[in-house]
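Accompanying notes for the structure given below.
We did not get these values from a lab; they are worked out from the coordinates using the rules stated. Since this is a predicted model, take the numbers as computed values, not measurements. Cβ: placed from backbone, ideal geometry, glycine included. Neighbour counts: every protein chain shown.
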Number of protein chains: 6
Amino acid sequence: MPYVNIRVAGTLTKEQKAKIAKGVTEVICNEANKPPESVLVMIDELAPENIAKKGELLDPPA
Amino acid sequence: MPYVNIRVAGTLTKEQKAKIAKGVTEVICNEANKPPESVLVMIDELAPENIAKKGELLDPPA
Amino acid sequence: MPYVNIRVAGTLTKEQKAKIAKGVTEVICNEANKPPESVLVMIDELAPENIAKKGELLDPPA
Amino acid sequence: MPYVNIRVAGTLTKEQKAKIAKGVTEVICNEANKPPESVLVMIDELAPENIAKKGELLDPPA
Amino acid sequence: MPYVNIRVAGTLTKEQKAKIAKGVTEVICNEANKPPESVLVMIDELAPENIAKKGELLDPPA
Amino acid sequence: MPYVNIRVAGTLTKEQKAKIAKGVTEVICNEANKPPESVLVMIDELAPENIAKKGELLDPPA
């Protein structure tokens with residue numbers, strides 16, 4: 001029952017999400033010997049002002 | 001200090017959220033012997049295009 | 001496809017986990033109109049020294 | 001590679017997010033001896049109706 | 001800065017983890033146009049008694 | 001009710017965890033105007049073989 005949570009900065013198109021979900025599911029099924037129907041993927045799109053690297057927001061205050 | 005994160009496809013009404021939070025908290029308190037005030041529940045409502053089963057989005061591209 | 005993550009301090013017996021998983025799944029199915037087979041529950045048992053309330057570990061250094 | 005997820009009720013200003021990201025990153029770098037560029041912070045702002053304490057939503061139904 | 005959390009039932013070999021991390025990173029970089037060095041993957045291996053489908057633990061009490 | 005999840009590679013001493021929990025709680029209380037007793041911190045220590053950057057495990061197979 002693999003559960004995969006993917007969190008990205010900004011938005012993805014529905015096509016990008018579809019390809020990512022398909023590709024990630026294939027990788028996990030192939031490498032971990034899990035049936036595809038057991039894989040659950042959830043994608044979170046975060047605003048760049050809600051993500052920080054090195055202590056600085058990707059979209060910092062002016 | 002149980003922390004419960006519930007992630008669903010689509011939206012729930014406020015009434016549904018209230019009943020789920022109450023019911024889930026009761027189950028955990030009863031079975032795990034935790035005081036209700038220690039239970040923190042957070043609900044995430046995801047768009048169906050952000051969830052995939054079997055490598056396919058619940059709301060796939062046309 | 002509800003996904004539920006329950007994080008508790010300390011350990012639970014297998015019986016407690018079974019009852020919690022059953023009860024939580026029932027609550028979500030009943031209130032959110034989801035089929036039981038779609039509900040995925042994952043339980044994390046954390047050592048009390050890995051949880052803090054009010055800035056203090058549940059199991060603080062001596 | 002510390003990953004930090006901060007989930008709050010309601011919204012924060014961009015200035016608050018910037019200060020929190022900076023402060024949390026500093027604490028972790030100082031105490032855990034990690035380089036700042038390795039710290040990834042993600043902030044989730046949840047509607048009060050999606051959070052419950054004691055089995056009651058912070059923003060309950062009328 | 002994609003962050004990916006993969007949670008599986010049972011354990012994986014180091015070789016399996018390496019292939020999954022590589023493959024998942026490639027999929028996300030290719031489809032979402034992210035540089036590989038920005039992708040952080042964290043794998044959690046859960047005991048089957050800590051995961052439930054349909055309200056039943058994968059490793060239920062006797 | 002801020003919830004903070006900190007995930008690190010390797011282990012921390014109890015003293016390090018205590019300082020991180022205290023410091024992170026202070027930062028969030030000061031910047032977000034939250035009472036300290038509302039802040040819940042959970043720390044996850046992951047084996048380096050369960051974390052990847054750039055598609056490579058921190059502790060790769062030989």
Taking the label point as lying 7 angstrom from Cα along the Cα-to-Cβ axis, what are the distances from B:E26 to the corresponding position in the remaining copies, in ascending order and in nanometres?
1.0, 4.3, 4.7, 4.7, 5.1
Look at the axis of the rotation that sends chain D onto chain A, then give the chain D residue with the nearest Cβ and the distance in whole Å.
D:D44, 5
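Is there a pair in A:K34/E:K14; E:K34/F:K53; B:K17/F:K22 whose C-alpha atoms are over 21 Å apart, and which pairs would that be? Present the calculation step by step, with values, prior to reporting the outcome.
Numbers: A:K34/E:K14 17 Å; E:K34/F:K53 13 Å; B:K17/F:K22 32 Å.
B:K17/F:K22, as the Cα separations exceed 21 Å there.
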With a ≥ b ≥ c taken as the square roots of the eigenvalues of the C-alpha gyration tensor of the protein assembly as shown, please select rounded if a/c is under 1.5 and otherwise prolate if a/b is larger than b/c or oblate if it is not?
rounded
Percent antiparallel among DSSP beta bridges (both partners in the protein assembly as shown, rounded to 5)
50 percent
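Would you mind telling me the antiparallel percentage of the DSSP bridges in the stretch D:4-62, rounded to 5? Show your work: numbers first, answer last.
Working: 2 of 8 bridges.
Around 25 percent of the beta bridges assigned by DSSP in the stretch D:4-62 are antiparallel ones.
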One decimal, nm, nearest first: from E:P60 to the same residue in each other copy, label points 7 Å out along Cα→Cβ, the values are 3.3, 3.6, 4.4, 4.4, 5.6
List, shortest first and in nm to one decimal, how far the label point of A:T11 (7 Å from Cα along Cα→Cβ) is from its counterparts in the other copies.
1.6, 1.6, 4.5, 4.7, 4.8
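Need one value for B:31-40: mean number of C-beta atoms belonging to other chains within 10 Å of its residues' C-beta atoms. All intermediate terms of the calculation are to be shown ahead of the outcome.
On the way: counts 12, 11, 2, 3, 1, 4, 3, 6, 6, 11.
Mean number of neighbouring Cβ atoms from other chains: 6.
Treating only the Cβ atoms of Lys and Arg (+1) and Asp and Glu (-1) as charged, compute the dipole magnitude of chain A about its Cα centre; round to the nearest 20 debye.
100 debye
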What Kirkwood Rh does the stretch B:3-51 have if only Cα atoms enter the pairwise 1/r average? Answer in Å.
11.6 Å
With x for Gly and Pro, the residue-by-residue ³J(HN,Hα) of the stretch B:29-34, computed from phi through the Karplus equation 6.51 cos²θ - 1.76 cosθ + 1.60 at θ = phi - 60° and given in whole Hz, is 5, 5, 7, 9, 6, 10
